[in-house]
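The values are calculated or read from the model by the stated rules, or taken from the named source; none is laboratory data. Predicted model, so just to flag it, every value in this text is computed and none were measured. Note that each Cβ is placed from the backbone with ideal geometry, even for glycine, and that neighbours are counted across all protein chains shown. Accessible surface is based on the protein model in full, side chains and every heavy atom, while ligands, DNA and RNA are left aside. Shrake-Rupley method; radii C 1.70, N 1.55, O 1.52, S 1.80 Å.
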Amino acid sequence: MLYHMGASLLRVLAAQGISFLVGSILGLLCGSFRIFDKVFKPILYVLYPIPKIAFLPFLMVLLGLGNASKILLICIIIVFQFILSVRQAVLDIPPNLLLSIKSLALSKKAYIWHFLIPAVLPAVFTSFRMNFGISFSVLFFAESFATKHGIGYYIMNNWVMANYPAMISGIAALSICGVVMFIIVDLVEKKLLKR
């Protein structure tokens, strides 16, 4: 059980990390630069509603049956939440506050590190919470195909083998993983945002 939980957590954490980096950067760019937003907003609006879970067979053909295809599938699904949340957080900054910050003549580095990033952190943490639930759901589906490790495989394999106690324990383990991730996000948020 611990082995399968570890395999699933590794995939989820890797996908969250990649999506956070890519999504936050794109979200900051879209929210900060009107030209960038005009180019990428239509692309985001077209791609976001597509059921990206359908890409799993294509990713398995392209990247193989290992971790890469599963991690990339999760990334493709959850990165949009980071992009849209961070973009909206930047756009929601009050104009008067922006004028006050500009009057301080901060360097670009100081503006980004001491104003822009703190302003979008609440949206980032909200995205993390939402994406952990989505990640485990997608991972359960992805691990049901062509793999022999992961909590999704563990649950489905025990279901096929009619080992229902083990199947239920796998579902409970999946829930525990989610709870632990939520607690960690809450603790990090409390520390960084001083809440």
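Go through segment 149-174 and count every residue that is closer than 20 Å to Lys70 by Cβ, of a type in the set (Ser, Thr, Tyr) and either at pLDDT 85 or above or in contact with a Gly (Cβ under 7 Å, 6 or more places away or on another chain) (or both).
The total comes to 1.
Condition (residue is hydroxyl-bearing (Ser, Thr, Tyr), part of a helix (DSSP H, G or I), over 28 Å from Asp186 (Cα atoms) and more than 12 Å from the chain's Cα centre (by Cα)) applied to segment 22-39: is it met by at least one residue?
no
Within segment 105-143, take every residue that is in a helix (DSSP H, G or I) and of a type in the set (D, E, K, R) and give me the one that is surrounded by the most Cβ atoms within 10 Å (Cβ to Cβ).
The qualifying residue surrounded by the most Cβ atoms within 10 Å (Cβ to Cβ) is Arg129.
Criterion first (on the phi > 0 side of the Ramachandran plot and of a type in the set (A, V, I, L, M)) does Ala15 satisfy it?
The answer is no for Ala15.
Could you list, in sequence order, the residues of segment 147-175 that are open to solvent by 60 Å² or more (accessible area, probe 1.4 Å), outside any helix (DSSP H, G or I) and of a type in the set (A, V, I, L, M, F, W, C)?
Once the filter is applied, which keeps residues that are open to solvent by 60 Å² or more (accessible area, probe 1.4 Å), outside any helix (DSSP H, G or I) and of a type in the set (A, V, I, L, M, F, W, C), segment 147-175 yields only Met161.
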